[in-house]
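The values are calculated or read from the model by the stated rules, or taken from the named source; none is laboratory data. Bear in mind that the values here come from a model prediction, so they are computed numbers and not experimental data. We place every Cβ from the backbone using ideal geometry, glycine too, and count neighbours over all the protein chains shown. Please note that ligands, DNA and RNA were not included when accessible areas were found on the heavy atoms of the full protein model with its side chains. Shrake-Rupley method; radii C 1.70, N 1.55, O 1.52, S 1.80 Å.
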Amino acid sequence: MSQRRSVTVEAVEIPTDIEALPGRLFRPDGTGDAPGIVLLQEIFGLSEYVLDRASDLAAAGYAVLVPQLFARLDPPITAIDESIGMEAALPEAMERTGELDWGRAVADGVHTFHALRGTDGVRHDEVAVMGFCYGGGLAFNVAAQSARDGAAPAALIAFYGSALPDLLDLAAEVDIPSLHVFGTADTFIPLDQVERIREAVTADGIRDQVEFHLHEGAGHAFDNPHPMFHHEQASRDAWWQMLEFLTRRLPL
């Protein structure tokens, strides 16, 4: 995983049951067929941070498809304009994300998963779903729905999935290799809720294919590089935990 590859990015249209959804496909250069990752956004949309992380994953050797979920808004947007300042961008992001229909977002995530599975150069049965914050909970729901439909993802990665406390009734359906990371100082998802999540997704420790990591002193969205959120140590450690998880679960 130490080798960093060059990356090619292209705009794509993801087929769905309604109109196509725009997205970005990141591919590692100079490789054969690659495992795939569907990467689902945080509340700021397809921000520079999310696209940078997609590029990082592709540079590590994975084909990464990122759907533009905010294309379903009226009017459609790509991302929240963070140049207005985080004090204004954060409430705007929460408001716009709240305007997304959750069931529609899940359906779009499932369609994105199937689109990546059917992409030339991607290993059909080696596609994971991953997300940050809003996208972490969404990835969990997408994994459950895909399993219900008969084609579960190869793995799930959720960074502090914000909707998880309300999705725990789906835990029995997400019986796949999974990685969950949280910060111990997350005021949005307090530790008592994090422990509820741990109990549900690990089936009280029975599911050894589910890995769960807490990062001391880190708050919500600690991987986001903005100073309001970022925790350097937790971000670095969690990213390496994820790469090690992928090495074991989706080897190149």
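Observations
- Residue in region 7-23 that is crowded, with 16+ Cβ neighbours inside 10 Å and more than 14 Å from PHE113 (Cα to Cα) present: yes
- Filtering region 39-52 for residues that are hydrophobic (A, V, I, L, M, F, W, C) and in a strand (DSSP E or B) leaves a non-empty set.
- For region 208-218, a residue qualifies if it is surrounded by 19 or more Cβ atoms within 10 Å (Cβ to Cβ) and over 17 Å from the mean Cα position of the chain (by Cα), and the qualifying residues are HIS215, ALA218.
- The one condition from (1) touching a Pro at 6+ places or on another chain (Cβ under 9 Å); (2) not in a loop (DSSP other than H, G, I, E, B) that GLY36 does not meet is (1).
- Any hit, region 214-229, residues being farther than 22 Å from VAL50 by Cβ and modelled with pLDDT under 95: no
- Members of region 27-50 that are β-branched (Val, Ile, Thr) and within 18 Å of ARG96 (Cα to Cα): ILE43, VAL50
- Selection within region 70-95 - more than 21 Å from VAL38 (Cβ to Cβ) and not hydrophobic (A, V, I, L, M, F, W, C): ASP74, PRO75, ASP81, GLU82, SER83, GLY85, GLU87, PRO91, GLU92, GLU95
- Region 45-70 - residue that is under 21 Å from PHE245 (Cβ atoms) and either in contact with a His (Cβ under 9 Å, 6 or more places away or on another chain) or among the aromatic types (Phe, Trp, Tyr) (or both) and, of those, most open to solvent (accessible area, probe 1.4 Å): TYR49
- From the list PHE229, PHE222, the lone residue that is closer than 15 Å to SER162 by Cα and either part of a strand (DSSP E or B) or free of Cβ contacts under 8 Å to residues at least 40 places away in the same chain (or both) is PHE229.
- Verdict on ILE189 being of a type in the set (Val, Ile, Thr) and at pLDDT below 95: no
- Qualifying residue in region 131-139 (condition: under 14 Å from ARG24 (Cα atoms) and in contact (Cβ under 8 Å) with a residue 24 or more places away in the chain): no
- Pair list, Cβ < 6 Å and 6+ apart or interchain, from region 141-158 residues that are without any contact (Cβ under 8 Å) to a residue 40 or more places away in the chain to residues that are in a strand (DSSP E or B): ALA143/VAL129; ALA143/LEU156; LEU156/VAL129; LEU156/SER178; ALA158/HIS180
- Output for region 219-252, where each listed residue is hydrophobic (A, V, I, L, M, F, W, C), within 18 Å of the chain's Cα centre (by Cα) and farther than 25 Å from GLU126 by Cα: ALA221, PHE222, PHE229, ALA234
- The residues listed here are ARG96, ARG72, ARG104; of these, the one that is over 17 Å from ALA221 (Cα atoms), out of contact with any strand residue (DSSP E or B) (no Cβ under 9 Å at 6 or more places or on another chain) and touching a residue at least 24 places away in the same chain (Cβ under 8 Å) is ARG104.
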